[in-house]
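Reading through the structure tokens given below for one structure.
Read-outs throughout are calculated quantities, based only on the coordinates presented, and are distinct from any laboratory measurement. What you see is a predicted model, and the numbers here were worked out from it, not measured in a lab. Backbone-built Cβ (ideal geometry, glycine too); neighbour counts: all protein chains shown.
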Amino acid sequence: MTDEAKVDERRIHRRYKVKAQAFAAMASQYLIGQIKNISKGGISFTCIASVKPDLRTFEIEIFTQDDKFHLREIPFKIVSELDVEDRIPSSSLQKKQINGVFLELTDDQVSQLEYFLDNYILAEN
């Protein structure tokens, strides 16, 4: 069984790919990355740096490239951080995939997240 299959088994909510250019940002870490998938319970995104090992819980933001959606101050906890194969062999930068869960969202944040899931995810096959 692959590591990704093990993670999928532990998930409570199904994760979806996004149809728009959507990003997650960690202001405290000066990191921004493209969303790989998202659910009501968590998110996975890729970025060009590693998160400081001593900082596993913080706030993130979710927003779209066209700036029509922006959800701020989402409490977030990293569950795993994986190296991603770099598509540019000459680059010295290492891509990371950050996988994590949302922590205690406010009612307004839940509502905004549901709006994002209703409007920005790819339809299921």
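Side notes on the structure shown:
- Scattering curve values for the stretch 37-80, log₁₀ I(q)/I(0), Debye with Cα scatterers, q = 0.14, 0.21, 0.26, 0.31 Å⁻¹: -0.38, -0.84, -1.20, -1.36
- Sparse-neighbourhood loop sites, GluC sites (Glu not before Pro) in the stretch 39-121 - DSSP loop, at most 16 other Cβ within 10 angstrom: GLU85, GLU104
- Over all Cα atoms in the stretch 3-120, the spread is summed up by Rg and Dmax: 13.9, 46 Å.
- The chymotrypsin sites (Phe, Trp or Tyr not before Pro) of the stretch 24-81 meeting both criteria, a DSSP state outside H, G, I, E and B (loop) and at most 16 other C-beta atoms within 10 angstrom of the site's C-beta, are TYR30, PHE69.
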